[in-house]
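Accompanying notes for the structure given below.
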Amino acid sequence: MQLIDIGVNLTNPSFDERHQAVLERAYAAGVQQLVLTGTSVDGSEQALELCVKLDESGQRLFSTAGIHPHSASDWNGDSAQRLRGLLSEPRVRAVGECGLDFNRDFSPRPQQEKVLEEHLALAVELKLPVFLHERDANQRLLEILKDYRDHLTAAVVHCFTGEQQALFSYLDFDLHIGITGWICDERRGTHLHPLVREIPRGRLMLESDAPYLLPRTLRPKPKNGRNEPAYLVEVLREVALHRHESVEDLAQHSTACARRFFGLPSVD
Ligand SMILES: [Zn+2]
């Protein structure tokens, strides 16, 4: 079985210097390739550095480059140029994480919207897919995407946690959907159980979002409470259950989808 974790925050300090061990466990669990999420310009540089340092083969680790909506206030005169430089590196496969988070509003909404548009313009210019974050901002995201969608190659709404109407609106825009261990959360994720069945094959990808979102159905629970990419198998199991698919079938089509989306090589 081969899986691809399309979103892991490997630069997060909670992984400190144990990256190699985390990756070994992921590979052993069948997670063959990982896309490291960049959430700031510095963080995107660090993600790329980790890819190069930890994967000499150039086949397993890739990254994104962008600024998370929480940090949209950090956008400055250098940001577009530095992101453009990163996005021209062969390991960097998507623009993002970028988007709108009206749940926590860590940056003012007009600034989030401006910075999202800067990312979308880069994606159009460089013909790269987009890794989108959206929380409580479905309508605004659609309004902004409307002007760009025809010129974008592809975009994924990562860590989808919304309701049916939001899901259908994204599928109508021909977007991809990323599902995390949120679906394993009995307190806030059960609405996703019937919804994941509605995502067509070729549009669905899996992600750990580690070290966040430890799947709450995981047994035994790790003592440190930290999520890691090896536990993507638990997300796979839960999504397969609710789609009425075998884990092998879901692994096969979600991996093929991710490989196509990010343009990743096959691994032996
Ligand atoms: Zn996110």
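Every number in this text was worked out from the coordinates using simple rules, so none of it is lab data. Just so we're clear, the structure is a prediction, and the values are computed from it rather than from any experiment. All Cβ positions, even for glycine, are placed from backbone atoms using ideal geometry, and neighbour counts span all protein chains on display.
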Please determine whether any residue of segment 12-22 is under 18 Å from the mean Cα position of the chain (by Cα) and within 16 Å of the ligand (Cβ to nearest atom). yes
Among the residues of segment 141-157, is there at least one that is of a type outside the set (A, V, I, L, M, F, W, C) and within 13 Å of the ligand (Cβ to nearest atom)? no
Can you pull out every residue in segment 53-86 that is closer than 17 Å to Thr11 by Cα, more than 16 Å from the ligand (Cβ to nearest atom), touching a Lys or Arg at 6+ places or on another chain (Cβ under 8 Å) and not aromatic (Phe, Trp, Tyr)? Leu61
Matching residues, segment 1-34, being more than 15 Å from Tyr212 (Cα to Cα) and of a type in the set (A, V, I, L, M): Met1, Leu3, Ile4, Ala21, Leu23, Ala26, Ala28, Ala29, Val31, Leu34
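Matching residues to (1) surrounded by fewer than 19 Cβ atoms within 10 Å (Cβ to Cβ); (2) assigned to a helix (DSSP H, G or I):
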site	(1), (2)
Gln59	yes, no
Gly85	yes, yes
Glu97	no, no
Arg104	yes, no
Gln111	yes, yes
Val115	no, yes
Ala121	yes, yes
Phe131	no, no
Within segment 168-198, work out how many residues are surrounded by 21 or more Cβ atoms within 10 Å (Cβ to Cβ), closer than 18 Å to Cys257 by Cα and away from the ligand (no atom under 16 Å from the Cβ). 1
Phe160: passes all of (1) assigned to a loop (DSSP other than H, G, I, E, B); (2) within 15 Å of the ligand (Cβ to nearest atom); (3) over 25 Å from His253 (Cβ atoms); (4) not β-branched (Val, Ile, Thr) but (3)
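In segment 30-43, how many residues are away from the ligand (no atom under 14 Å from the Cβ) and crowded, with 19+ Cβ neighbours inside 10 Å? Break it down stepwise before answering.
Applying the first criterion (away from the ligand (no atom under 14 Å from the Cβ)) to segment 30-43 yields 30-34, 41-42.
Applying the additional criterion that residues be crowded, with 19+ Cβ neighbours inside 10 Å yields 31-34, 41.
Result for segment 30-43: 5.
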Quick test of your reading of the structure: Val22 fulfils all but one of (1) in contact with a Lys or Arg (Cβ under 9 Å, 6 or more places away or on another chain); (2) of a type in the set (Val, Ile, Thr); (3) in a helix (DSSP H, G or I). Name the failing condition by number. (1)
Residue hits (segment 92-102; within 15 Å of the chain's Cα centre (by Cα) and more than 11 Å from the ligand (Cβ to nearest atom)) are Val92, Arg93, Ala94, Val95
Return a yes/no flag: does segment 198-210 have any residue that is in contact (Cβ under 8 Å) with a residue 12 or more places away in the chain, closer than 30 Å to Val92 by Cβ and assigned to a helix (DSSP H, G or I). no
Quick test of your reading of the structure: Glu89 fulfils all but one of (1) more than 16 Å from the ligand (Cβ to nearest atom); (2) buried (at least 21 other Cβ atoms within 10 Å of the Cβ); (3) in a loop (DSSP other than H, G, I, E, B). Name the failing condition by number. (2)
Do we find that Arg226 is surrounded by fewer than 18 Cβ atoms within 10 Å (Cβ to Cβ), within 30 Å of Asp147 (Cβ to Cβ) and in contact (Cβ under 8 Å) with a residue 24 or more places away in the chain in this structure? no
